[in-house]
Amino acid sequence: MTARRRAKHLPGAGLAVLSLGAAIVVGAALVARADEQSVSAIQLATFMSAKVGEPVQRLIWRGGLEMKSPVDTFGGLSGLTFIGSDGRLVMVSDRGNFVSGQLIYDEAGRPLSLIGVRIEPLQNSKGNDLPRAYARDAESLALVERDGVPSAVRVGFENLTRVADFALVDGRPQGPAREITIPKWLSDVRSNETLEAVCIAPPTSPVAGSTLLLPEGILNDAGQHAGYLLGKSDKGPLSYISGDGMNPTDCAFLPNGDLLVLERGISLFMFTMRLVRIPAAALVPGAMLEGSVLLQTTGGDIDNMEALAVHPGPDGQTRIAIASDNNFNDWERNLLLEFSLPN
C-alpha cells in the first residue's frame, strides 16, 4: 500500500525509529498428491532490454519467471526466503498461506521452473488456521537459523500487526505460530500500512541476529519511516528515508552484512520499484538509514514488487531475488526476477 500514516505517539517524538515461449507445467507427475500443486512458468529472457548476463544499472540480470497456477490459492506473494543452497524456497501470501517449492535452473544458470509446490495455511498460536482475512495479511518473511542451521521462518503481518515464528519441518513451515514481542506503538497500529519488511542480520553484521522491522506507512515526526531494531543488545528505534513516492516493501542482507531494501510506488498508473544498499556499519539503533540505488525502474518489466531475498545461485554466486504480489488479480503478475552484483 502507498498511503502513509503518521505515528503520533511514538516513544520519544521525532525518533530517528523458457525464453518467452511455451509454459512449462511443473509437478505434473505429482498430481496424485493433493498437497502438491501445478504451477506453470515462462522464462523471462530480458529485463530493461538487457539479456541474461548483461548489466542493468548497478546489477547483472540473471533471468526470471512469470508464474501461473490454476489453483486459486497461488498468488499474493508478499514475502520470500530460501532454505539452504539448492533453490528450496518459501513464500508467504497475503491471504495467509505458505507457498513452498524448489527453484530449478537451466544449464546456463537461468531460473527455469518452480517444482514441488505446496500451499499450506498459516496457523495461530493454538494450531488452528487463521480465522479471517484481517488476521491473514502476511507481508514479510525471513529465515531464522540456529547454529547455522535453518530452524524457522519469521513472518510479519499487517492489519492485525504482529510478528511470529513458524518451525521448519523438512524445509517447510509447520505448526502453530510463536509470537515475537514487538514495540507497542507498532502493534497498536491496525492497518494495511504497517509491517511490510522484516529481515534478520547475518553473523557478518555488527548487529548479528537482530531483526529489522520496517513499516510501510508509519512515519515519525520528521516524515521518515519509523523502524525498529529488535535484538538482545542491539535494540531500539531507527528511521528509514525512502525515495520520493516510494515505500519499503521488504529487506534482506547480503553475505557481508550490507542491507538491501526494496521499495515500491506508483507513477502514471504504473508500478515503480527501487532497490537500495546500505552499508553494514550504518545499521545501529538510532540510525537514520538512507541507501544508494542499485536499481530503479517503472513499467512493463516489473509489477507490484513486494518480496526480496538473497541466496546462493547455481554457480555459488550470490543472487538477489525479487518477487511480485499479483493481489489475485488477472491484470497483475506473479514475477520472480533474479540479479547478481558485478564482480
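Restricting the range 211-225 to residues that are part of a strand (DSSP E or B) and hydrophobic (A, V, I, L, M, F, W, C) leaves a set whose member that is surrounded by the fewest Cβ atoms within 10 Å (Cβ to Cβ) is Leu219.
Residues are listed down the side, and each one gets a yes or a no for (1) more than 19 Å from the chain's Cα centre (by Cα); (2) assigned to a loop (DSSP other than H, G, I, E, B):
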{"site": "Ala164", "(1), (2)": "no, no"}
{"site": "Ala167", "(1), (2)": "no, no"}
{"site": "Trp185", "(1), (2)": "yes, no"}
{"site": "Asn192", "(1), (2)": "no, yes"}
{"site": "Ser205", "(1), (2)": "yes, yes"}
{"site": "Gly209", "(1), (2)": "no, yes"}
{"site": "Gly227", "(1), (2)": "no, no"}
{"site": "Ser233", "(1), (2)": "yes, yes"}
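Restricting to the range 251-308, give me the number of residues that are open to solvent by 10 Å² or more (accessible area, probe 1.4 Å), part of a loop (DSSP other than H, G, I, E, B) and closer than 21 Å to Ile200 by Cβ. Residues meeting the conditions: 9.
Only one of (1) in contact with a Phe, Trp or Tyr (Cβ under 8 Å, 6 or more places away or on another chain); (2) at pLDDT 95 or above fails for Asp72. Which number is that? Unmet condition: (2). Among the residues of the range 3-12, is there at least one that is in contact with a Ser or Thr (Cβ under 7 Å, 6 or more places away or on another chain) and modelled with pLDDT of 50 or more? No.
Being in contact with a Pro (Cβ under 8 Å, 6 or more places away or on another chain) and either surrounded by fewer than 24 Cβ atoms within 10 Å (Cβ to Cβ) or over 19 Å from Ser113 (Cβ atoms) (or both) is the filter here; which residues of the range 83-99 pass it?
Taking the range 83-99 as the starting set, the residues that turn out to be in contact with a Pro (Cβ under 8 Å, 6 or more places away or on another chain) are 83-85, 87, 90, 96-98.
Ile83, Gly84, Ser85, Gly87, Gly96, Asn97, Phe98, listed by residue number.
Go through the range 169-179 and give me each residue that's open to solvent by less than 30 Å² (accessible area, probe 1.4 Å) and hydrophobic (A, V, I, L, M, F, W, C). If the condition is that a residue be open to solvent by less than 30 Å² (accessible area, probe 1.4 Å) and hydrophobic (A, V, I, L, M, F, W, C), then Ala177 is the only one that fits. Reported count of residues in the range 109-126, each being open to solvent by less than 30 Å² (accessible area, probe 1.4 Å) and part of a loop (DSSP other than H, G, I, E, B), is 2. The C-beta contact set for the range 240-253 (first residue among the aromatic types (Phe, Trp, Tyr), second residue open to solvent by less than 10 Å² (accessible area, probe 1.4 Å) and modelled with pLDDT under 95, distance under 7 angstrom, 6+ apart or interchain) is empty.
Within the bounds of the range 143-161, is there any residue that is surrounded by fewer than 17 Cβ atoms within 10 Å (Cβ to Cβ), more than 16 Å from the chain's Cα centre (by Cα), outside any strand (DSSP E or B) and not aliphatic (A, V, I, L, M)? Yes, the range 143-161 contains a residue that is surrounded by fewer than 17 Cβ atoms within 10 Å (Cβ to Cβ), more than 16 Å from the chain's Cα centre (by Cα), outside any strand (DSSP E or B) and not aliphatic (A, V, I, L, M).
From the list Asp106, Asp137, Asp165, the one residue that fits, being open to solvent by less than 30 Å² (accessible area, probe 1.4 Å), out of contact with any Leu (no Cβ under 9 Å at 6 or more places or on another chain) and not small (Gly, Ala, Ser), is Asp165.
The values are calculated or read from the model by the stated rules, or taken from the named source; none is laboratory data. On a predicted model such as this, the values are computed, not experimentally measured, just so you know. For neighbour counting, all protein chains shown are included, and Cβ atoms are generated from backbone atoms with ideal geometry for every residue, glycine included. Keep in mind that these areas ignore ligands, DNA and RNA; they rest on the heavy atoms of the full protein, side chains included. Shrake-Rupley method; radii C 1.70, N 1.55, O 1.52, S 1.80 Å.
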